Amino acid sequence: MDHFLYRDGQLFAEDVPVAEIAAQVGTPFYLYSLNTLLRHFTLFDEALSWGPHLVCYAMKAASNQAILTALGKAGAGMDVVSGGEYARAKAAGVPGERIVFSGVGKTKEEIRLALEGGIRQFNVESEPEMRAISEVAQSMGVEVPVAIRVNPDVDAKTHAKIATGKSENKFGIPIARAKEVYAEAAALPGLKVVGIDVHIGSQLTQLEPFEQAYRKVAELTEVLRAEGHEITRLDLGGGLGIPYARSNEAPPLPSDYGQLIQRTVGHLGCEIEIEPGRLIAGNSGLLVSKVIYLKNGEGRDFLILDAAMNDLIRPAMYDAHHEIIPVMESEVATELAPYDIVGPVCESGDTFAKGRLMPPLKAGDLVAFRSAGAYGAVMSSEYNTRPLVPEVLAKEVQFAVIRARPTYEDIINRDTVPEWL
Ligand code: LLP
């Protein structure tokens, strides 16, 4: 459920007509619905209400300060994967005790930054990283809680580029070596072993891979406890998928996921942390774009939009499907026709959809990409010197630009031409 609905044939973001925002902001732009974001967070929070828990929003999905501030105020923790994300979370007012630090290669500078500003726990990804955290913590005279990310060798049954839980993936330590690594962690100064961390991939549309992974984590918890480790927290990662194509996908709901967690690890009495990103932000955001031209090609028609692969890379990168809908529905019942929907960037990869059935559209018409709130704006670039797309947040009848579109001058002035040139 989201708050992007048609009223009298016109698409609204909450109570604001999308066309009105487009007229003020210009296209393309990302548009988020605050109440959808908050609702998705609350669904996870409620799904874990059977026990102590913290929902740490994986802010890599959408990290605008306004989004972080809203979720932080609602009580969310944050899952960060870089010094930059840590700085964003803090700047949004999220206290260190609600921030977990994940990520495969934390540098000593990033570790120090988090220790200075306060951190709930580091999710350790390897033995060398564990030693680095120990070294920095010890040099600062502090002890920091850590969970070790285990790789359970489970097939997440998702796109290969976003699967992380198989032994060939770069993430975590092999679960078979966990006993050994926990023993070393317990002996290292500056570290307090508190838990186990696991994350097997993103856009999972079935519960079964989660179940396999969480059962392995439950088993490991017993093993480590028997070895004398105090395991009080389980970080179960993110990854729950969303419906991109509304017609044929129905991924499990956060409530089903919460029950699965209770069933698999609930008996251990641990505090549960989860790190959802996509499910919170994905269907809370649209990318709004305008048709520049309709071009009749050889045996196919192209809809050329003012949004391109630099604004939304997911179709080019993961062959991802995004629904593309008109902002104004046609008044009469019309036949759909197939279009190749493309952007203006000089690559054939700049194709959003091939042979997509669309109602008749003409130059100047607005369209919206659905499910673009997660991994949309954050993965955009200025390739072809196309300014970064602005972001807009709607709340009931209000909306605000939460990241402005840079001017060409802003972009050019970021570069420096050496005097000696
Ligand atoms: N925790 C960790 C350690 C992660 O690596 C990720 C995502 C998450 C949580 C959040 O997963 P989510 O709930 O959003 O599925 N750019 C790709 C997705 C990359 C996901 C990376 N890790 C895409 O556009 O599909």
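Residue by residue, here is whether (1) more than 29 Å from Gly75 (Cα to Cα); (2) away from the ligand (no atom under 13 Å from the Cβ); (3) touching a helix residue (DSSP H, G or I) at 6+ places or on another chain (Cβ under 9 Å) holds:
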position: Val104; (1), (2), (3): no, no, yes
position: Arg112; (1), (2), (3): no, yes, yes
position: Glu129; (1), (2), (3): yes, yes, yes
position: Ile133; (1), (2), (3): no, yes, yes
position: Gln138; (1), (2), (3): yes, yes, no
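The residue list Val80, Val55, Val16 contains one member that is of a type in the set (Val, Ile, Thr) and either surrounded by fewer than 22 Cβ atoms within 10 Å (Cβ to Cβ) or closer than 21 Å to Val397 by Cα (or both), which is Val16. When Gly266, Gly277 are screened for being within 16 Å of the ligand (Cβ to nearest atom) and modelled with pLDDT of 95 or more, only Gly277 passes.
Looking only at the range 218-260, residues that are away from the ligand (no atom under 14 Å from the Cβ) and touching a strand residue (DSSP E or B) at 6+ places or on another chain (Cβ under 8 Å) come to 8 in all. Within the range 211-222, not a single residue is part of a loop (DSSP other than H, G, I, E, B) and over 22 Å from the mean Cα position of the chain (by Cα).
For the residues Lys161, Lys179, Lys170, the requirement of being in a helix (DSSP H, G or I) and surrounded by fewer than 14 Cβ atoms within 10 Å (Cβ to Cβ) singles out Lys161.
One line per residue, one yes/no per condition, for (1) within 13 Å of the ligand (Cβ to nearest atom); (2) touching a Phe, Trp or Tyr at 6+ places or on another chain (Cβ under 8 Å); (3) assigned by TED's automatic domain parsing to the domain that holds Ile274:
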position	(1), (2), (3)
Thr27	no, no, no
Phe41	yes, yes, yes
Leu48	no, no, yes
Leu54	no, no, yes
Ala58	yes, no, yes
Gln65	no, no, yes
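The conditions of being among the polar types (S, T, N, Q), outside the structural domain of Ala62 (by TED's automatic domain parsing), modelled with pLDDT of 95 or more and more than 14 Å from the chain's Cα centre (by Cα) are not met by Asn296.
The condition (being more than 28 Å from the chain's Cα centre (by Cα), within 22 Å of Leu388 (Cα to Cα) and not acidic (Asp, Glu)) is satisfied by just one residue among Leu303, Leu336, Leu312: Leu303. The range 308-395 holds strands (runs of 3 or more DSSP E) entirely within its bounds, and those carrying 2 or more residues that are out of contact with any helix residue (DSSP H, G or I) (no Cβ under 7 Å at 6 or more places or on another chain), free of Cβ contacts under 8 Å to residues at least 24 places away in the same chain and not assigned by TED's automatic domain parsing to the domain that holds Asn64 map to 351-358. Summed over the range 156-193, the residues that are within 16 Å of the ligand (Cβ to nearest atom) and small (Gly, Ala, Ser) give a count of 5. Residues in the range 76-94 that are within 23 Å of Ala47 (Cα to Cα) and either at pLDDT below 95 or not hydrophobic (A, V, I, L, M, F, W, C) (or both): Gly77, Asp79. Looking across the range 335-348, the residues that are at pLDDT 95 or above and closer than 22 Å to Val288 by Cβ come down to Tyr339, Asp340, Ile341, Val342, Gly343, Pro344, Val345.
The values are calculated or read from the model by the stated rules, or taken from the named source; none is laboratory data. Everything quoted here is computed from the prediction, not taken from an experiment. Quick reminder, even Gly has a Cβ in these numbers, built from the backbone with ideal geometry, and neighbours come from all protein chains shown.
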